[in-house]
Amino acid sequence: MRIGVYSPNWIGDAVMALPFIQQLRIQHERAEIIIFCKEWVSAIYDNHSSIDKVISISDRDIEGPISTIRTGLKLKAEKFDIFYTLTDSIRSAFIMWLSGSKRRYGYRSQMRSILLTDVFYSLEPKIHRSNKYLNMLGAERPIEVFPKIHLSKKEVLWARKTIIELGLNHPIALLPFSVATSRTVPNFLIKEWIKDSKSDYLLFGSNNDIKNAEELIDICTNNSIRSICGKYSFRQAIALISQCDYALAADSGLGHIAASLDIPTVSFFGAGMSGITGPIGLKTLVINKNVECSPCRKNVCMNIEEPLVCLKNIARSDIENAVNSFINQ
């Protein structure tokens, strides 16, 4: 049997899809499981024991109807018996239909039900996204089962060597940036949270975060911070995060990455809804103050009188208590 999985397009959502994929392997031990995904999330699935093949595409491959049709028809060669979509887009259902898969599973949305053979209805709007995916398999995520990214021995050895070359000693991963300004932790808060700390910090982010990272380093003159924003591939960044003692993370894809690597992860939720999209892991804690304007799902803070009050209400003591809870486990 050949089973396709149309991956979510965002990093955090792709990580939250891993329990679904892991459960799919349990239910179909001998099947060939193939992930169809955007190229920027493919690194999440590399080397995963539950996955046999990853097919990645660029935006150009589904830009416009002609490219989308061409991409869908190419998937006919995969001869899928079953195809699941973990996105709610009509495009994903159309591509699955073009692939000729015998069974096509997905949630009802965007008037795409006619393109699916098996339609699911979301009865609980506040269900965690990982459980939303698992519902299509007739399962819920057991409390002890969490997303797991698999690194090779070669990748781990490279990361250990690189940490030494960077001159760092047991660094703490700083993951404060998000594509949404309402979720990005302001630099002045980071400065307050880590002031007087003698630890080494490794600052992660994309090319778009380089300027913000430089500004953070400039104001944190008493701290040892190295920025690697935009300097390594996504897969290399994942390996480097795995070698950190713990992570301080915004509501972002990298926060989910850290949690899936089984390193202690403290995630700061302001605008997001942690009950739906919060990272899950054995060593993961979410700090969410639930202020008067919560819950908010805006990408830009709309609180004019007290901008980002949800993040500003997080105190240094909150973080210290969270980190100490990991140490005392």
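The values are calculated or read from the model by the stated rules, or taken from the named source; none is laboratory data. All values reported here derive from a predicted model rather than from experimental measurement. Here the Cβ is made from the backbone with ideal geometry for all residues, glycine too, and neighbour counts use every protein chain on show. For the accessible areas, the whole protein counts, side chains as well, though only heavy atoms, and no ligand, DNA or RNA atoms are used. Shrake-Rupley method; radii C 1.70, N 1.55, O 1.52, S 1.80 Å.
Restricting attention to the range 156-180, the residues that are within 17 Å of the chain's Cα centre (by Cα) and farther than 15 Å from Ile217 by Cα add up to 3. Taking the conditions (1) touching a residue at least 60 places away in the same chain (Cβ under 8 Å); (2) assigned to a loop (DSSP other than H, G, I, E, B); (3) exposed (fewer than 14 other Cβ atoms within 10 Å of the Cβ) in turn, Val145 satisfies each one other than (3). Scanning the range 259-279 for residues being in a helix (DSSP H, G or I) and touching a residue at least 60 places away in the same chain (Cβ under 8 Å) gives a total of 5. Could you grab me the full set of residues in the range 130-142 that are among the charged types (D, E, K, R) and buried (at least 18 other Cβ atoms within 10 Å of the Cβ)? Passing the criteria: Lys132, Arg141.
Of the residues making up the range 308-321, one or more are more than 28 Å from Ile127 (Cα to Cα) and in a loop (DSSP other than H, G, I, E, B).
Screening the range 178-254 for helices (runs of 4 or more DSSP H) wholly inside it with 3 or more residues that are in contact (Cβ under 8 Å) with a residue 60 or more places away in the chain, in contact with a helix residue (DSSP H, G or I) (Cβ under 9 Å, 6 or more places away or on another chain) and buried (at least 16 other Cβ atoms within 10 Å of the Cβ) returns the ranges 234-242. Each residue in the range 89-108 was checked for being of a type outside the set (S, T, N, Q) and either within 21 Å of Arg25 (Cβ to Cβ) or open to solvent by 60 Å² or more (accessible area, probe 1.4 Å) (or both), and 11 pass. Asn169 meets the conditions (1) surrounded by fewer than 17 Cβ atoms within 10 Å (Cβ to Cβ); (2) in contact (Cβ under 8 Å) with a residue 40 or more places away in the chain; (3) touching an Asp or Glu at 6+ places or on another chain (Cβ under 8 Å) in every case but one. The failed one is (2).
Okay, residues lined up against (1) polar (S, T, N, Q); (2) open to solvent by 10 Å² or more (accessible area, probe 1.4 Å); (3) assigned to a helix (DSSP H, G or I); (4) under 28 Å from Ile21 (Cβ atoms):
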| residue | (1), (2), (3), (4) |
| --- | --- |
| Ile257 | no, no, yes, yes |
| Gly281 | no, yes, no, yes |
| Cys293 | no, yes, no, no |
| Cys296 | no, yes, no, no |
| Cys301 | no, yes, no, no |
| Glu306 | no, yes, no, no |
| Val323 | no, yes, yes, no |
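In the set (1) touching a residue at least 60 places away in the same chain (Cβ under 8 Å); (2) hydrophobic (A, V, I, L, M, F, W, C); (3) open to solvent by 20 Å² or more (accessible area, probe 1.4 Å); (4) assigned to a helix (DSSP H, G or I), the condition left unmet by Ile127 is number (4).
Ile319 versus (1) touching a residue at least 40 places away in the same chain (Cβ under 8 Å); (2) under 16 Å from Leu202 (Cα atoms): which is the lone unmet condition? That leaves (2) as the condition not met. Scanning the range 233-283 for residues that are in contact with a Phe, Trp or Tyr (Cβ under 8 Å, 6 or more places away or on another chain) and of a type in the set (Ser, Thr, Tyr), we see that the one that is farthest from Arg316 (Cα to Cα) is Ser260. The set of residues in the range 106-150 being touching a helix residue (DSSP H, G or I) at 6+ places or on another chain (Cβ under 7 Å), of a type in the set (Gly, Ala, Ser) and at pLDDT below 95 consists of Ser122, Ser130, Ala139.
Restricting attention to the range 290-315, the residues being at pLDDT below 80 and among the small types (Gly, Ala, Ser) number 1.
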